[in-house]
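Colleague: Encoded as structure tokens, here's the structure I'll be asking about.
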Amino acid sequence: MGAPAASDAPLEYAVDELLADGPYEAPLVAGQVRCHGGFDAEGRYRSPRTLQRAPAIRAWQAQLARDGHELLAIDAALMPPQYPNVEQAKLLLREGVRDPVVRRLTIISIVEGFGAIIRDVKVPDLAALVVEPIEGTALAHLRGGLFEAHARDEAGYRDEGGHKQMWEAARDLALENPRIPGDVLMRMLGQGPGRRRERRRALPRLDEALETMLATMAQVLAVEVFAMGAFDWGERLLSDPEVSANPEAAGSLVSYIRSDESPHVEYLRSALSEVSARSLRCVDGGTIPGREAVRVLLHATLRGLTRERREEQRQAIRESLLDSMQAHAQPESLLERYDALESAWTPPAKTGFEPETPEA
Ligand SMILES: [Fe+2]
Ligand SMILES: [Fe+2]
């Protein structure tokens, strides 16, 4: 029973296999919504679509190690702190200023739902664009189930809720169906994390679809790794009986979401590591090391997320926060107490993916 040892699991999978659920004793129902995943006979939560996907990812990672290639990792020290942090959020809730926390939780649920765009990423003919063979890799299964499983986990599928619906349920359980500010999505699209940017080509020698796919994967990997901070924040806040009406149910929901994220981080870092271990054909007939391409894209995305994006997000949240505080009896002293709880943070000087220049 259980997943086969990593070295025994096959390296090739059909789409349906990577999307297959294990048997569940009981479904997960969040608030009133039937969600993905479920519970085994011992009452432990089991993530959706991991019956074969989890051992598959372990097998691809074991293969990388066997071939002497590294599995790339994003340093957790790069993860910006949450704003508002747990103590700030608790202060606001205790003082009856609920909108900023409701807003933050709603944004998290919307961002989770946006995760479904991963299924629309164009996957070019990788066998033609990668010099070395790619059979039996995560890279060869992106279109064949990995992107689709990821999209379903985030946004839900058919009548089953995914992370979007699970965050909404956690919010509504903990804060007892709060009023949702009407402008959350508008503000997000205007200035926040949902804003689309025109990306400049970082690797103009590369096939454009390949660069776009790799850049999206680098971006999503970084967002997934940094989301761990938001999950930790959500779990601590919503499971705190001082501010949460349903600490057990709301906190558990966030912990389930968190465990579902692990395959996302793992398949993305596996596939990017597989690219790093190979060479890529350029449009001019030459080749470039995959390692260089992956480093350039990860470096750019990590710098953006830890510098501009962090500050933009903080400013956007602060703007609506000041509005919400006006309804409080003593907005100025509240703001002072709130600011005193702020976590100081300076992004680390290096992303760990700086371009490698040969020693002089
Ligand atoms: Fe998610
Ligand atoms: Fe995810």
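Colleague: Residue by residue, what Karplus-based ³J(HN,Hα) values in Hz, rounded to whole numbers, does the range 13-19 have, using 6.51, -1.76 and 1.60 with θ = phi - 60° and x for Gly and Pro?
Modeller: 9, 7, 3, 4, 5, 6, 9
Colleague: Name the long-range amide H neighbours of Thr287: under 5 Å, sequence gap of 5 or more, or other chain; modelled H, no Pro or chain starts.
Modeller: Result for Thr287 returns Cys282.
Colleague: Loop only per DSSP, at most 14 neighbouring Cβ atoms within 10 Å: give me the trypsin sites (Lys or Arg not before Pro) in the range 30-102, ordered by residue number.
Modeller: Hits after loop and neighbour filter: Arg44.
Colleague: If neighbour count is taken as other Cβ atoms inside 10 Å, put Met188, Met228 in order from fewest to most.
Modeller: If I rank by nearby Cβ atoms, fewest first, I get Met228, Met188.
Colleague: Name the residues whose placed amide hydrogens come within less than 5 Å of the amide hydrogen of Tyr157, ignoring near sequence neighbours (fewer than 5 apart) on the same chain.
Modeller: Those lying under 5 Å, H to H, from Tyr157 are Gly162.
Colleague: So how far apart, in nm, are the two label points at Ala41 and Glu87 if each is 7 Å from Cα heading toward Cβ?
Modeller: Result for the modelled spin labels: 4.7 nm.
Colleague: Exactly which chymotrypsin sites (Phe, Trp or Tyr not before Pro) in the range 262-360 are in a DSSP loop and have at most 15 other Cβ atoms within 10 Å?
Modeller: Trp345
Colleague: Expressed in nm to one decimal, what extension gain is obtained for the pair Glu132 and Thr346 from 0.36 nm per residue of sequence separation less their Cα-Cα distance?
Modeller: Once the chain is fully extended between Glu132 and Thr346, it gains 73.0 nm.
Colleague: Show me, bin by bin at 20 Å from 0, the whole-percent P(r) of the chain based on Cα pairs.
Modeller: That works out to 28, 55, 17, 0, in percent per bin.
Colleague: Taking amide H positions as placed in the peptide plane 1.01 Å from N, state which residues far from Ser279 in sequence (5 or more) or on other chains have amide H under 5 Å from it.
Modeller: Val131, Glu132, Gly290
Colleague: Here's something else I'd like to know. Does the range 173-316 classify as rounded, prolate or oblate by the C-alpha gyration tensor (a ≥ b ≥ c root eigenvalues; a/c under 1.5 gives rounded; else a/b over b/c gives prolate, otherwise oblate)?
Modeller: Prolate shape, in that a/c is at least 1.5 and a/b is the bigger ratio.
Colleague: Given the alpha-carbon gyration tensor of the range 72-161, what are the semi-axes of its equivalent ellipsoid in whole angstrom, ordered largest first, with each equal to the square root of 5 times an eigenvalue?
Modeller: Working from the Cα gyration tensor, I get semi-axes of 38, 18, 9 Å.
Colleague: What relative contact order, as a whole-number percentage, does the range 12-340 give when Cα pairs under 8 Å and 6 or more residues apart are counted?
Modeller: Relative CO of the range 12-340 lands at 24 percent.
Colleague: A follow-up question, please. In Å, what is the Rg of the alpha-carbon atoms in the range 110-165, and how long is Dmax?
Modeller: Answer for the range 110-165, Rg first and Dmax second: 13.6, 42 Å.
Colleague: With labels modelled as points extended 7 Å from the Cα through the Cβ direction, what inter-label distance (nm, one decimal) is found for Ser333 paired with Glu208?
Modeller: Using points 7 Å along Cα→Cβ, the separation is 6.1 nm.
Colleague: Follow-up question, since we're still on this one. What order do you get for Ile57, Ile118 when you list them from fewest to most C-beta neighbours inside 10 Å?
Modeller: Result, fewest neighbours first: Ile118, Ile57.
Colleague: Ok, one more. Please label the shape of the range 5-116 as rounded, prolate or oblate, based on the square roots a ≥ b ≥ c of the eigenvalues of the alpha-carbon gyration tensor (a/c under 1.5 means rounded; beyond that, a/b larger than b/c means prolate, else oblate).
Modeller: In terms of gyration-tensor shape, oblate.
Colleague: While we're looking at this one, here's another question. Not counting the cut sites, what is the longest span of the chain without GluC sites (Glu not before Pro) that DSSP labels loop and that have at most 12 other Cβ atoms within 10 Å?
Modeller: So the longest stretch without any such site is 243-355.
Colleague: Same structure again: Each label point is 7 Å from the Cα along the Cα-to-Cβ direction; what then is the distance between the points at Glu25 and Asp8, in nm?
Modeller: 2.4 nm
Read the figures in this text as sums done on the coordinates, not as results from a lab. Here the structure is a predicted model, which means the values were calculated and not measured. Ideal geometry is used to build each Cβ from the backbone, glycine not excepted, and the neighbour counts take in all protein chains shown.
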